[in-house]
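Q: One structure follows; several queries about it will come next.
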Amino acid sequence: MFPHLRTILPDLKQHFEHAYICPPSSTQMQTDIIKWLKADDFFTVFPLDVDLRIGEHFAYLYQRAADAAHSDQPIHLCYLDRMSFALEGDYRESFLADIDTLAASDLPLIFHRSQLAWETHPQNYRDIEGIVTTAGRYLFGRDLDYAWCHLVVRAGQLRTIIPQVKHPSISMVAEMIYYLQDNIQTRDVDWLAWEDPFIFGRDASELKRERENSLDETQRRLAYAVPMIEFLMNRSKNGRTT
């Protein structure tokens, strides 16, 4: 992903004030990359000396970023592959327009995958994450993407919720939405179309069929969706905590 980061960096610098990054411990061995990141004051690098599970890794980064920024600073929590796909392809202008037009009153906000964006994803991917959204609707009365790809939240809000997030896997992203969902807003965007064909240099239709017929893909999606649903169920039983 670092070549993609180099490619999109001019856009990032023009449309964002700063970037917080936490490379996995294995990246520390790639001294040229780390040196490049640390030499550019656009980045704040939070190095890791040990491997963490993905949810723990994210929580560490989010907490450090929230602590470093002033309380009203909007922080975009997002994935480099998704941003690269948006900025290097046909969605660049719409992505930047959505970023540039955000107002303080819009936050916290989930950029939701639009119907068009979801149609590009494999059906098993779409259906399984849709189950989590459906569960949330029945339990709490809102249609929210608990497995979000791009969340914008003030640093102060992030600082408040992260200590409450406990799941060590990627399922922790659903916990974050639970603690924000009373006030959160959403915006449907096409630029969250499926990024994997672009990232892996594959034909989109071929890769989509391959994933839809893959038991491994289905199990991989269920592995984080099931804990998300369990968390939401437990919270609904025990009463809301916000």
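The values are calculated or read from the model by the stated rules, or taken from the named source; none is laboratory data. The model shown is predicted, which means the values in this text are computed figures rather than measured ones. Quick reminder, even Gly has a Cβ in these numbers, built from the backbone with ideal geometry, and neighbours come from all protein chains shown. Each accessible area value is taken on the protein alone, full model and side chains, heavy atoms only, with ligands, DNA and RNA left out. Shrake-Rupley method; radii C 1.70, N 1.55, O 1.52, S 1.80 Å.
Matching residues to (1) modelled with pLDDT under 95; (2) surrounded by 21 or more Cβ atoms within 10 Å (Cβ to Cβ):
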residue: Gly89; (1), (2): yes, no
residue: Arg92; (1), (2): no, no
residue: Leu96; (1), (2): no, no
residue: Leu102; (1), (2): no, no
residue: Leu107; (1), (2): no, no
residue: Phe111; (1), (2): no, yes
residue: Ser114; (1), (2): no, no
residue: Ala117; (1), (2): no, no
residue: Asn124; (1), (2): no, no
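Q: Here's a check for you: in the stretch 179-198, which residue that is among the hydrophobic types (A, V, I, L, M, F, W, C) and part of a helix (DSSP H, G or I) is surrounded by the fewest Cβ atoms within 10 Å (Cβ to Cβ)?
A: My answer is Phe198.
Q: Check whether at least one residue in the stretch 57-77 is open to solvent by less than 50 Å² (accessible area, probe 1.4 Å), among the aromatic types (Phe, Trp, Tyr) and over 17 Å from Lys13 (Cβ atoms), and report yes or no.
A: yes
Q: Do the conditions hold for Tyr138, that is, is it under 18 Å from the mean Cα position of the chain (by Cα) and either touching a residue at least 24 places away in the same chain (Cβ under 8 Å) or surrounded by fewer than 13 Cβ atoms within 10 Å (Cβ to Cβ) (or both)?
A: In short, no.
Q: Looking at the stretch 160-173, can you tell me whether even one residue there is charged (D, E, K, R), touching a residue at least 12 places away in the same chain (Cβ under 8 Å) and open to solvent by 10 Å² or more (accessible area, probe 1.4 Å)?
A: Checking the stretch 160-173: not a single residue is charged (D, E, K, R), touching a residue at least 12 places away in the same chain (Cβ under 8 Å) and open to solvent by 10 Å² or more (accessible area, probe 1.4 Å).
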